[in-house]
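Taking it in order: structure first as structure tokens, then the write-up.
The values are calculated or read from the model by the stated rules, or taken from the named source; none is laboratory data. Everything numeric in this text was worked out from a predicted model, so none of it was measured. Every residue, glycine among them, receives a Cβ derived from its backbone with ideal geometry; neighbour counts consider all protein chains shown.
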Amino acid sequence: MEEGHQKIVLASDCLAIIQKIQSGARDRSMVGALVSDINFLAAGFLDCSFIHVNRVTNAAAHLLAQCSEQTVCNTYRSVIPETLREVLLSDLN
């Protein structure tokens, strides 16, 4: 979208959310509005897939989520911070 990405894969260690997103059914739970927003935004991509991954193999996403809790928003383009690089390499093994 804004960054020019047309095909994306989003991974989460929360199986329940992945199932809700993939179901296509209207969700009346507490996270229903969030699921609806995710599906609306996903429709803006040429291809958008949602997959479940084990928490152990999702350390990079966990690290990024922790960083996003800070007051400063970081965007990384073509450069991977060293701390994240180490976690990504570990996730691949």
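Each residue in the stretch 50-62 was checked for being surrounded by 14 or more Cβ atoms within 10 Å (Cβ to Cβ), modelled with pLDDT under 80 and β-branched (Val, Ile, Thr), and 1 of them qualify. Looking only at the stretch 73-81, decide whether some residue is at pLDDT 90 or above and either closer than 29 Å to Gly24 by Cα or of a type in the set (S, T, N, Q) (or both). Looking for residues that are at pLDDT 90 or above and either closer than 29 Å to Gly24 by Cα or of a type in the set (S, T, N, Q) (or both), one finds none in the stretch 73-81, hence no.
Asp47 passes every criterion in (1) modelled with pLDDT under 75; (2) within 24 Å of Gln6 (Cα to Cα) apart from (1). Summed over the stretch 1-52, the residues that are part of a helix (DSSP H, G or I) and not small (Gly, Ala, Ser) give a count of 14.
Quick one: is Ser12 in contact with a strand residue (DSSP E or B) (Cβ under 7 Å, 6 or more places away or on another chain), surrounded by 10 or more Cβ atoms within 10 Å (Cβ to Cβ) and modelled with pLDDT under 90? Yes.
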